[in-house]
Amino acid sequence: MLTAAAILIELAGCGKRTDNRVQSTKSCTTETANPILSAQVLQKPKDWPLTEFQVHLLDLAFEAATLIPVPPFAKDRSLAQEKVVETCLQLHQPVRAIRYADQIGDWRRGLCYAKTAFYLAGQGYGAEYVQPGLDLAEQIARVDHGQQWRNDRIRAKIAQTDLLLGKIEQAEQIGRQIEDSEAAVLMQTRIQAEAGDLFDEQIKQLDALVALLNFDITQSALHAYAGLFDRYYDNPQRRALTEERIKVAWGKLPIPIRLEVLKKLAQSALDHGDSDKAIDLLRQADEYLNPCLWPLENYLPLSAEWIEIQYKAGNVEQARTNADALRSMVDQKGEGIIDIYRARAIIPLARAYHTIGDPETALTIYKQAVEAGMVNPNKRPRAEDLSSICCSMAQDGIQPDAELWARMQQILKELGSE
């Protein structure tokens, strides 16, 4: 079967196929691209140019994820591989994302094909370039993967892509066939894609979803409310109504979910140039971020993620103060974090220092994260942590120095020899 990478690369006019294998994609990944993505500027899918070290980091991340033993950790392996694919899409690397997706061994391959198709549709590419990935995703969604939600998650992403392509009826048909927890995700894309003023109708639909009192459905509805908050931001009444609905809907949902939605609202405020509202939402988040209420492995990443909002809202000095306070916690208490959680707890702090314009400290903390990830004697968490660190550094554009490159290569070699 022709792989998705081969299809996408041929559509892009890059690479040649021999015996159903892609010979080379180097010209695709190094081609100069206009930073303005639109159907008019970019006629064919292509990767944005990356620095050489970012490419190496992505390759290392995927290789580390692929070294997770199968069996018994097939699910963990494919999930880690999917996270690398998602990082590629965040870095506008659809060709590379598909090449990695081709190597995933279970249902998440289909999900990654669908996610890449969704990315392309969101960047203005038409069905000519999007449909091949959707077709491959649909083929995988027809296979029995043991649990129906896996098939439905692929189909939900296909339906989201159909919405962006204007295939409303087709998307709604899929929505009627999949379980409610996955169908609820479609509302997020409908709010983004549907033309016209549908605010009242969409509020009613979301209210009805929340009334089902289902955890997964409510969580999806919260993010859809956040989409309405953003779309109608310039209407103060609608914005206030949506925020009120969110706070009613989240009821007894866990605090990390509430913080995630609040952060989404704060980012919308920043996107609309409203730093006062972003700061107000930050104050609301602070009510949940009491270090006495959280284990350190939870408190560190939750707090670090808000430093970006604080910095972009103009509280530059306070953002730095908060980052330094978190770093002091890591230095004083970090070894008390259970080893399997230690690296992932401090990665967001490295990203926070990158955000506030201190790449040197960010690199230092990434080095700490690398060593923290190697404390656990088990191969799976070490491979997961190395992959996550490489993805984060690639996304931030933080270049490892020679010492760190050597250390990461050593770890990869050790993982491969076990």
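The values are calculated or read from the model by the stated rules, or taken from the named source; none is laboratory data. From a predicted model like this one, the values you see are computed outputs, not experimental measurements. All Cβ positions, even for glycine, are placed from backbone atoms using ideal geometry, and neighbour counts span all protein chains on display.
Which count do you get for residues in the stretch 166-195 that are of a type outside the set (A, V, I, L, M) and over 22 Å from the mean Cα position of the chain (by Cα)?
Number of matching residues: 12.
Go through the stretch 237-252 residue by residue and tally those that are buried (at least 18 other Cβ atoms within 10 Å of the Cβ) and either of a type in the set (Phe, Trp, Tyr) or not in a helix (DSSP H, G or I) (or both).
Residues that pass the stated criteria total 1.
Which pairs turn up if I take residues in the stretch 61-78 that are hydrophobic (A, V, I, L, M, F, W, C) and look for partners that are in a loop (DSSP other than H, G, I, E, B) with beta carbon separation below 9 Å, at least 6 apart in sequence or on another chain?
PHE62/GLN103; LEU67/GLU418; VAL70/GLY105; ALA74/ILE68; ALA74/GLY105; ALA74/ASP106
So GLU308 passes all but one of these: (1) modelled with pLDDT under 95; (2) under 18 Å from GLN368 (Cα atoms). Which condition number does it fail?
Of everything listed in (1) modelled with pLDDT under 95; (2) under 18 Å from GLN368 (Cα atoms), GLU308 misses just condition (2).
Only residues in the stretch 105-134 that are on the phi < 0 side of the Ramachandran plot and part of a helix (DSSP H, G or I) count as the first member; pair them with residues that are among the polar types (S, T, N, Q) and surrounded by fewer than 24 Cβ atoms within 10 Å (Cβ to Cβ), Cβ under 7 angstrom, at least 6 apart or cross-chain, and list the lot.
ARG108/SER78
Could you tell me which residue of the stretch 79-95 is modelled with the lowest pLDDT, considering only residues that are part of a helix (DSSP H, G or I), surrounded by 23 or more Cβ atoms within 10 Å (Cβ to Cβ) and within 16 Å of the chain's Cα centre (by Cα)?
Ranking the candidates gives PRO94 first.
Can you find even one residue in the stretch 66-73 that is in a helix (DSSP H, G or I), over 20 Å from the mean Cα position of the chain (by Cα), modelled with pLDDT of 95 or more and not acidic (Asp, Glu)? Full working, then the answer.
Our first condition is that a residue be in a helix (DSSP H, G or I); within the stretch 66-73, this holds for 66.
Now drop any that are not over 20 Å from the mean Cα position of the chain (by Cα), which leaves none.
There is no residue in the stretch 66-73 that is in a helix (DSSP H, G or I), over 20 Å from the mean Cα position of the chain (by Cα), modelled with pLDDT of 95 or more and not acidic (Asp, Glu).
Of all residues in the stretch 265-298, which are over 13 Å from TYR233 (Cβ atoms), touching a residue at least 12 places away in the same chain (Cβ under 8 Å) and aliphatic (A, V, I, L, M)?
Scanning the stretch 265-298 gives ILE279, LEU282, ALA285, LEU289, LEU296.
Could you grab me the full set of residues in the stretch 363-409 that are touching an Asp or Glu at 6+ places or on another chain (Cβ under 9 Å) and outside any helix (DSSP H, G or I)?
If the condition is that a residue be touching an Asp or Glu at 6+ places or on another chain (Cβ under 9 Å) and outside any helix (DSSP H, G or I), then MET374, VAL375, ASN376, PRO377 are the ones that fit.
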